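I have placed the structure first, in the form of structure tokens, so that the comments after it can refer back to it.
The values are calculated or read from the model by the stated rules, or taken from the named source; none is laboratory data. Because the structure is a prediction, the values reported are computed rather than measured. Here the Cβ positions follow ideal geometry from the backbone for every residue, glycine too, while neighbour counts run over all protein chains shown. These accessible areas exclude ligands, DNA and RNA; they are computed on the full protein's heavy atoms, side chains included. Shrake-Rupley method; radii C 1.70, N 1.55, O 1.52, S 1.80 Å.
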Amino acid sequence: SVLSSMNPTWSWTFTGGTPSSSNDQNPIVQYDSPGFYDVSLTVTDDFGTSTQSYSMFIEFEETLESLDVIEDFELGITDFWTQYNANNSYGWSPFYTENGPDCDPTNCVFIDHFSINQVGDEAELMTPKIDLTNAISAYLEFDYAYTKWGGSYEDGFRVDASSDCWETYDTLFYAFGDDLITVPSTNDEWYPQDCADWSVDNFVDLDAYVGQNVAIRFVGINGWGNNFYMDNINVSGQLSGVDQLDLPFTVYPNPNQGSFTISHELKNPFIKIVSPDGRIVWNAHLTSQKQLVELSVRQGIYVVHVSDGTKTYLEKITIH
């Protein structure tokens, strides 16, 4: 028999990429701007050297979503979303439940922590970039349901945001174990049994990203505990092209000391008032055109959400 040794080495060049060169066989390269990019590869082995150059080999077409982004997962996990898990050990999956957050059957997504023993591993569900360049305010809402298994096997959940392709990011929401559960722990595999099992309308202010493009990821953290469910992702805001004077409601007086009137021109709108730390402090469907609101809350800037079923309008009020 004849033995041979190839001993190959690779030398890549990526014009406009980061890194711009690599000696890995399968390198990972990042491009910051959409466009076409050249690539060259030189392979050297025991038999010599070969170089191939490819003009405009890589096409980077950036996906940019505009407001409002509304996802109820009724069509499953669509190509809007990207999943990532460093160890390919688990991820997010579609799930049908008779007991959704709105007290109706619904499709949502879940992580099967009950069956997965990859403690500390994280499964990411990521949006593309969302265009907030013309927004004057923005926010994120989501629903979730979770409990522990056996009282001690705990999982976690985190929401991150980034404006630079995940070079850096901010954590917007984090909860683990007892801080995350929506029902008492159980010794069985758990599924939502009632709409009251859900934590709904969790609110995160995105105003820090106004004027930029932002991507958001929802991260399940495995602890071999119990199933985690998520539904009704909503990224909304107020665009600068909308004249505040044309809003179909007014809040007066503003500023106020917690007592104010909401006057509107909508049919049975749903009103929600959110505190600076993201808590819903008041909500109701309005059947009359004027509603007096009395709040016993701390001083700060609150956000009034007015929804007519198709669009949500925002107004900030100051309570002092």
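Mind checking the per residue accessible area of the chain for me, 1.4 Å probe, whole number of Å²?
Result: 53 Å² of accessible area for each residue.
For the range 58-189, what % of the accessible area comes from carbon and sulfur atoms, probe 1.4 Å?
Taking all protein chains in place, the range 58-189 shows 43 percent carbon and sulfur surface.
Report the semi-axes of the equivalent ellipsoid for the range 75-173 in whole Å, largest first, where each axis is √(5λ) for an eigenvalue λ of the Cα gyration tensor.
Its equivalent ellipsoid spans semi-axes of 25, 19, 14 Å.
Could you state the orientation-averaged shadow area of the convex hull built on the Cα atoms of the range 173-295, in nm² to one decimal?
So the mean shadow area of the Cα hull is 10.7 nm².
State the label only: which of (1) 16.0; (2) 17.0; (3) 22.8 corresponds to mean projected area of the Cα convex hull in nm² computed from the shown model?
(3)
How far apart, in nm, are two points set 7 Å out from the Cα along the Cα-to-Cβ line at THR133 and at GLN25?
4.1
Along its three principal axes, how long is the range 119-224 when you only count alpha carbons? Whole Å, largest extent first please.
48, 28, 18
Excluding residues on the same chain fewer than 8 positions from LYS290, give the aspartates and glutamates whose Cα lies under 19 Å from its Cα.
ASP246, GLU265, ASP308, GLU315
GNM on the chain, C-alpha springs below 10 Å: top fluctuator among LYS290, LYS148, LYS272?
Evaluated over the chain, the most mobile residue of the options is LYS290.
Quick one: Cα centre-to-centre distance for the range 54-132 and the range 219-293, in angstrom?
The two parts, judged by their Cα centres, are 25 Å apart.
Got a sec to turn the phi values of the range 279-285 into Karplus ³J(HN,Hα) couplings, 6.51 cos²θ - 1.76 cosθ + 1.60 with θ = phi - 60°, whole Hz, x for Gly and Pro?
8, 7, 9, 6, 7, 5, 7
Among DSSP beta bridges whose residues both lie in the chain, state the antiparallel percentage, nearest 5.
In the chain, approximately 95 percent of DSSP beta bridges are antiparallel ones.
Determine one quarter of the surface area of the Cα convex hull of the range 1-117, which equals its mean projected area, and express it in nm² to one decimal.
Here the figure is 13.6 nm², rounded to one decimal.
With a point put 7 Å past each Cα toward its Cβ, work out how far THR78 is from ASN187 in nm, to one decimal.
For THR78 paired with ASN187, the spin-label model returns 4.4 nm.
Per the 1.4 Å probe, what fraction of the accessible area of the range 210-320, in percent, lies on carbon and sulfur atoms?
48
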